[in-house]
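Okay, so here's the structure we're looking at.
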Amino acid sequence: MGTVVLKSVINRGVVGLALVLTAVMPITAQADKTDDILNSGLSRQRAGAESQKRIDAISEQTEKTVAQYQQQRKNVEVLKKFNDRMRRTLDAQVVAMQKLERSIEDASQIERQIVPLMLSMIDGLERFIDADIPFKLDERRARVKRIKGYLTNANISAAERFRQVLEAYSTESAYGNSIDVFTEELDLPSGKLAVNILQVGRSGLYYLTTDGQQAGYWDVSDKQWKPLDSSHNAGITDAIRMTQGKDVKDLMVLPTRAPEAI
């Protein structure tokens with residue numbers, strides 16, 4: 001009897017377990033399906049995130065590429081403008097060089113024409129000095145000699161050589177309006193004497209010995225020094241002192257003679 005009861009209990013337990021398992025199995029299967037769905041959703045979400053990253057990366061790269069392209073276009077435009085400006089500059093330089101070449105050719109032609117003119121001018125000035133009243137001859141002749149050296153010096157520009165010639169003419173011209181006193185040694189009939197020379201433009205040239213005892217003048221007609229009467233010594237002495245700034249008077253009293261053409 002006890003054995004029959006035990007079996008009955010066991011059988012009921014087995015049946016209950018089977019019923020429980022039968023009830024639990026659908027729930028477990030449902031849970032597994034839910035997990036699969038969740039996992040699938042997460043996978044799709046991760047895949048979507050990865051895709052979005054790739055899209056963002058592609059978009060960023062595209063933006064960079066577009067920006068680089070736009071910058072390159074700007075660089076090309078800047079380079080094009082620079083090239084245009086350089087081409088205009090070079091064209092202008094070519095024109096300037098052509099003008100310079102023509103100017104050099106013209107200058108060379110002018111120089112070939114002006115050099116003979118300058119030589120003629122300085123020769124004429126030399127003849128004028130030789131024929132002029134004899135004051136500061138060493139200085140004036142040295143100036144002409146120096147300029148003649150300039151005229152044959154190819155290292156000195158034609159413009160500078162011409163300037164020197166004109167300056168010499170200007171200096172000689174200024175002598176005609178100047179009054180000056182200087183010391184020289186004259187070869188007079190009475191012998192060589194150190195004298196003070198009074199130059200009054202080109203209208204008068206006088207001398208007075210350093211002791212003030214003898215005076216004379218340059219005779220343009222005879223082209224020689226001639227003595228003056230001692231009565232003129234005082235007047236010439238006063239004129240010399242006035243020129244040297246040693247005396248102040250309103251009038252120079254000097255012997256005059258009408259100048260003759262040189």
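For the reader, a short list of remarks on this structure follows.
- Reported count of residues in the range 146-183, each being among the aliphatic types (A, V, I, L, M), closer than 20 Å to residue 202 by Cβ and not in a helix (DSSP H, G or I), is 2.
- Among the residues making up the range 96-116, those that are at pLDDT 85 or above and surrounded by 12 or more Cβ atoms within 10 Å (Cβ to Cβ) are 114, 115.
- Taken over the range 172-207, the criterion of being loosely packed, with under 11 Cβ neighbours inside 10 Å and either in contact (Cβ under 8 Å) with a residue 40 or more places away in the chain or not small (Gly, Ala, Ser) (or both) is satisfied by 177, 183, 185, 187, 189, 192.
- Of residues in the range 216-226 being closer than 12 Å to residue 186 by Cα and not basic (Lys, Arg), the one surrounded by the fewest Cβ atoms within 10 Å (Cβ to Cβ): 224
- Complete set of residues in the range 202-247 that are over 23 Å from residue 177 (Cβ atoms) and among the aromatic types (Phe, Trp, Tyr): 225
- The number of residues in the range 149-206 that are charged (D, E, K, R) and in contact with a strand residue (DSSP E or B) (Cβ under 9 Å, 6 or more places away or on another chain) comes to 5.
- Of the residues in the range 30-51, not one is of a type in the set (Val, Ile, Thr) and modelled with pLDDT of 85 or more.
- The lone exception for residue 168 - which of (1) closer than 30 Å to residue 241 by Cα; (2) over 32 Å from the mean Cα position of the chain (by Cα); (3) at pLDDT 90 or above it fails: (2)
- Criterion applied to 70, 93 was being modelled with pLDDT of 75 or more, farther than 30 Å from residue 224 by Cα and of a type outside the set (Phe, Trp, Tyr), and the one residue passing it is 70.
The values are calculated or read from the model by the stated rules, or taken from the named source; none is laboratory data. Owing to the predicted nature of the structure, the values given are computational and were not obtained by experimental measurement. Here Cβ is always computed from backbone atoms with ideal geometry, including for glycine, and neighbour counts include all displayed protein chains.
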